[in-house]
Amino acid sequence: MTAKVYVDVLAVFSREGELIPTAFVWEDGRKYAIDKVSKPERCASRKAGGTGYRYTCQVGGKICHLTYEENYKYSDAIGTVGISLFVLEIRIG
């Protein structure tokens, strides 16, 4: 079983313009360094209707997937806007 959690991500841009995640902040505020990250793969989110880039990351010897979702649809009292954010997919159990 997997869970998806929206997280804050620390990242750098390479000289070539690549977005490279270096760490993420978990819900409780703990920061985890990303030990190894793959080249991003273009992906689509059927649920949210957006597109993005999926990174396979190694954190503390475990593999997780970090997806940068572009134009994620967010609704509040003012209306619906498109934002970009990261979602972390982890294996539970």
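A few notes on this one:
- Residues satisfying the stated conditions in the range 19-43, i.e. surrounded by 10 or more Cβ atoms within 10 Å (Cβ to Cβ) and closer than 14 Å to Thr67 by Cα: Leu19, Ile20, Pro21, Thr22, Ala23, Phe24, Ile34, Val37, Ser38, Pro40, Glu41, Cys43
- Of the strands (runs of 3 or more DSSP E) entirely within the range 27-93, those holding at least 2 residues that are at pLDDT below 75 occupy 62-75, 80-91.
The values are calculated or read from the model by the stated rules, or taken from the named source; none is laboratory data. These figures come from a predicted structure and were not determined experimentally. Here the Cβ is made from the backbone with ideal geometry for all residues, glycine too, and neighbour counts use every protein chain on show.
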